[in-house]
Amino acid sequence: MKISQLFKDRTVFSFEVFPPKKTSPIDTIYNTLDELKDLHPDFISVTYGAGGNTADSSTCDIASLIKNKFGIEPLAHLTCVSSSKADIDSILANFKQNNIENILALRGDINPEMPPKQDFKYASELVSYIRGIGGFDVSGACYPEVHIEAKSMVEDILNLKKKIDAGAEHLISQLFFDNNAFYSFAEKARIAGINVPIEAGIMPVVNKRQIERMVSLCGASFPSKFSKIIQKYENNAEALRDAGIAYAVDQIVDLVSNGVDGIHLYTMNNPYIARKISESVNSIIRA
Ligand code: FAD
């Protein structure tokens, strides 16, 4: 099923997982998926080469498991900046063989250890390449608080429009903690003629290390309500986890009440957190 079609009749609720480190047994993701499937997400996305993992066939293997074993639609992430067209051709062939129909087309971060190859400079070029091959529904990433390399919101949104014009049919946002940042971005995107569904990326903050990592990686701003939670509970793991879950639930209720197209929950492969949040928002999302 093409993911972009899901938005026609509902507020979409989806999850993100990442491949386990090579040193972890594959059973860990199997168990995670087994628990996530009971929460009935509309689709599950699988990251590619992110979070310190090397890019290999694990994204395809896990997406295939999600589809062919667990009966849920997968969205396979795919980055292009360090790949040649031949690399991408072989990955797409593997996706096709495994009935994977949905791809989140990304540029990927510039990694000094893996210098860019020259075939793809921006995600929009990968979107257009995949659409040229055909048979896939293509999604893209967007940044409510501006991509870290962009000089301004206007420049970033004009570049995002190129991704839509190249054929991206659905967007997933970078995580954010301030819903007003998302609303302001979405309004500007609509004015720029970006009319595809935009899912809001929500990451529940559940431990101190994760917070430090996020500040350095994506530069999401912290509203004072959120900063106060962190200050108060940073040394109490259980309280921080529960407050992080409550904050994410609060964000989701507000987004859904304001008519968001969908919620993409960064599960961090933690079914406990995904379950707590799903149970709190299910009736609201499905109302
Ligand atoms: P692009 O859309 O190409 O944009 C990158 C920068 O280039 C932006 O500043 C943009 O304004 C600018 N730009 C775009 N087009 C043009 C143009 N034509 N001319 C000039 N400037 C231009 N990374 C991974 O490695 N693996 C993952 O699985 C992964 N999943 C992600 C999922 C989501 C939902 C998000 C939001 C990000 C994800 N990332 C992942 C991170 C992503 O790879 C990085 O943020 C990367 O730096 C940008 O990727 P992009 O696809 O948004 O790039």
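Scan the stretch 1-24 for residues that are within 16 Å of the ligand (Cβ to nearest atom), of a type in the set (D, E, K, R) and under 17 Å from the mean Cα position of the chain (by Cα) and the total you get is 1. The combined condition, being within 14 Å of SER14 (Cβ to Cβ), in a loop (DSSP other than H, G, I, E, B) and either in contact with a Gly (Cβ under 6 Å, 6 or more places away or on another chain) or at pLDDT 95 or above (or both), is fulfilled by VAL260.
Condition (residue is among the acidic types (Asp, Glu), outside any loop (DSSP other than H, G, I, E, B) and in contact (Cβ under 8 Å) with a residue 12 or more places away in the chain) applied to the stretch 99-121: is it met by at least one residue? No: zero hits.
Number of residues in the stretch 32-60 that are modelled with pLDDT of 95 or more, away from the ligand (no atom under 11 Å from the Cβ) and of a type outside the set (A, V, I, L, M, F, W, C): the value is 8.
For ILE211, the conditions (1) in a loop (DSSP other than H, G, I, E, B); (2) under 26 Å from PRO41 (Cα atoms); (3) β-branched (Val, Ile, Thr); (4) at pLDDT below 95 all hold with the exception of (1). A search for C-beta distances below 7 Å between a residue of the stretch 124-152 that is farther than 18 Å from ASP178 by Cα and any residue that is among the charged types (D, E, K, R) and within 11 Å of the ligand (Cβ to nearest atom), counting only pairs 6+ apart in sequence or on different chains, returns SER124/LYS162; SER124/LYS163; VAL127/LYS163; GLY140/LYS163; ALA150/ASP156. So is GLY167 touching a Gly at 6+ places or on another chain (Cβ under 9 Å) and among the small types (Gly, Ala, Ser) or not? Here the answer is yes, as GLY167 does meet what is asked. Scanning the stretch 186-208 for residues that are away from the ligand (no atom under 16 Å from the Cβ) and not in a loop (DSSP other than H, G, I, E, B), we see that the one that is nearest to SER139 (Cα to Cα) is ARG190. Please verify whether SER139 is under 30 Å from ILE229 (Cα atoms) and small (Gly, Ala, Ser), treating the condition exactly as stated. No: the conditions fail for SER139.
Scanning the stretch 153-169 for residues that are of a type outside the set (D, E, K, R) and either within 13 Å of LYS188 (Cβ to Cβ) or without any contact (Cβ under 8 Å) to a residue 40 or more places away in the chain (or both) yields MET153, VAL154, ILE157, LEU158, ASN159, LEU160, ILE164. Could you go through the stretch 204-221 and let me know if any residue there is under 26 Å from LEU36 (Cα atoms), touching a Gly at 6+ places or on another chain (Cβ under 7 Å) and touching a residue at least 60 places away in the same chain (Cβ under 8 Å). For the stretch 204-221, residues under 26 Å from LEU36 (Cα atoms), touching a Gly at 6+ places or on another chain (Cβ under 7 Å) and touching a residue at least 60 places away in the same chain (Cβ under 8 Å): present. Out of everything in the stretch 140-185 that is surrounded by 21 or more Cβ atoms within 10 Å (Cβ to Cβ), more than 8 Å from the ligand (Cβ to nearest atom) and among the aromatic types (Phe, Trp, Tyr), what residue ends up being nearest to GLY201 (Cα to Cα)? For the stretch 140-185, the residue satisfying everything is PHE176. Considering the conditions (1) in a loop (DSSP other than H, G, I, E, B); (2) at pLDDT 95 or above; (3) within 14 Å of the ligand (Cβ to nearest atom), PRO74 is excluded by exactly one of them, (1). Scanning the stretch 92-124 for residues that are of a type in the set (Asp, Glu) and away from the ligand (no atom under 11 Å from the Cβ) turns up GLU101, GLU113, ASP119. Taken across the stretch 244-257, residues that are more than 30 Å from GLU169 (Cβ to Cβ), in contact (Cβ under 8 Å) with a residue 24 or more places away in the chain and not aliphatic (A, V, I, L, M) do occur, with at least one present.
The values are calculated or read from the model by the stated rules, or taken from the named source; none is laboratory data. Quick caveat, the model's predicted, so the values are computed rather than measured. Cβ atoms come from the backbone with ideal geometry, glycine included; neighbour counts cover every protein chain shown.
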